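To start, the structure itself, in structure tokens.
The values are calculated or read from the model by the stated rules, or taken from the named source; none is laboratory data. Since this is a predicted model, take the numbers as computed values, not measurements. Heads up, the Cβs are rebuilt from the backbone with ideal geometry, glycines too, and the neighbour counts pull from every protein chain shown. Ligands, DNA and RNA are excluded from the accessible area calculation, which covers all protein heavy atoms including side chains. Shrake-Rupley method; radii C 1.70, N 1.55, O 1.52, S 1.80 Å.
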Amino acid sequence: GEIRTGVIAGIGANEILVSIGTKSEGVISGREKELIPQEDLKEFEVGQEIPVYVVDPEDQNGNVVLSYVRAAEERDWLMVESLLASGETYEGKIIGYNKGGLIVPLGSLRGFVPASQVSVLRRAEGGNESPEQRWGKMINDPIMVRVIEVDRERRRLILSERSALQETRETLKDRLLDELHEGAVRTGRVTSLADFGAFVNIDGADGLVHLSEISWERIQHPNEVLKVGQEVQVKVI
């Protein structure tokens with residue numbers, strides 16, 4: 001259960017020898033070696049420091065049995081617990097999806113962003129597409145998230161883009177309101193429609209376009225002219 005920083009002493013076909021300050025070198029072998037991501041293995045070289053997890057201080061052959069993957073995972077659980085406690089945001093990349101939402105890795109862990117925690121604008125970009133079509137287009141896109149739930153026992157890591165953007169949006173909104181002046185023309189995106197008008201987001205702040213300011217022609221509802229997610233030019237009045 002202990003995590004140590006070791007130095008790679010030798011790399012063989014079936015095992016990696018790691019010096020961790022014990023009388024004999026520790027061994028990462030068999031299944032534990034197979035679990036190491038190929039991109040990490042390629043980088044390994046003799047003399048390099050790596051974190052290792054002590055699986056068994058002494059097996060039947062007198063070897064110290066080590067795991068690199070479990071050390072990396074333990075380090076990452078500590079990182080996400082720290083992010084949960086501090087409320088800090090994390091910039092990651094979308095690597096996958098399922099019907100319920102997006103998958104974002106944090107180190108060696110896979111975090112899940114439920115659809116309800118994906119930003120309104122990102123959800124709107126898909127229009128009438130199925131979740132698979134909509135989420136599929138987002139693979140490799142950057143995403144800012146905040147950790148909202150950590151459960152090691154169930155290997156559950158829940159993330160929120162909406163929560164992460166709220167902090168950024170508040171900061172941007174304050175700055176935007178300082179800069180905005182009557183008559184300014186800006187490009188924004190429609191975030192929601194109501195009977196009385198449309199809300200358009202400009203750099204994090206939602207502005208109201210009254211029903212009477214949407215079209216020169218008389219309309220009954222904003223959805224006759226606009227749709228959520230649409231990019232529009234607006235003038236500050």
(message) Need pairs with beta-carbon distance below 8 Å; first residue more than 13 Å from V55 (Cβ to Cβ) and within segment 1-25, second of a type in the set (A, V, I, L, M, F, W, C) and open to solvent by 60 Å² or more (accessible area, probe 1.4 Å); sequence gap 6+ or separate chains.
(response) I8/V46; A9/V46; G10/V46; I11/V46; L17/I11
(request) With the checklist (1) surrounded by 18 or more Cβ atoms within 10 Å (Cβ to Cβ); (2) under 30 Å from the mean Cα position of the chain (by Cα) in hand, flag the one item V232 doesn't pass. (result) (1)
(message) So in segment 142-154, with the set limited to residues that are open to solvent by 30 Å² or more (accessible area, probe 1.4 Å) and either under 30 Å from I219 (Cβ atoms) or touching a residue at least 24 places away in the same chain (Cβ under 8 Å) (or both), which one is farthest from the chain's Cα centre (by Cα)?
(response) R152
(request) Under 7 Å between Cβ atoms, at least 6 apart or on separate chains: pull out the pairs that start in segment 190-216 with a residue that is more than 22 Å from D174 (Cβ to Cβ) and end on any residue that is of a type in the set (S, T, N, Q). (result) V190/Q230; L193/N223
(message) Restricting to segment 195-208, give me the number of residues that are over 19 Å from V118 (Cα atoms) and either touching a helix residue (DSSP H, G or I) at 6+ places or on another chain (Cβ under 8 Å) or open to solvent by 40 Å² or more (accessible area, probe 1.4 Å) (or both).
(response) 5
(request) Considering only residues that are open to solvent by 50 Å² or more (accessible area, probe 1.4 Å) and more than 18 Å from E74 (Cβ to Cβ), look in segment 30-46 and name the one that is farthest from the chain's Cα centre (by Cα). (result) V46
(message) Go through segment 165-194 and report how many residues are touching a Pro at 6+ places or on another chain (Cβ under 8 Å) and loosely packed, with under 15 Cβ neighbours inside 10 Å.
(response) 1
(message) Step by step: first the residues of segment 57-106, then only those that are of a type in the set (V, I, T) and in a loop (DSSP other than H, G, I, E, B), then the one that is surrounded by the fewest Cβ atoms within 10 Å (Cβ to Cβ). Which residue is that?
(response) I95
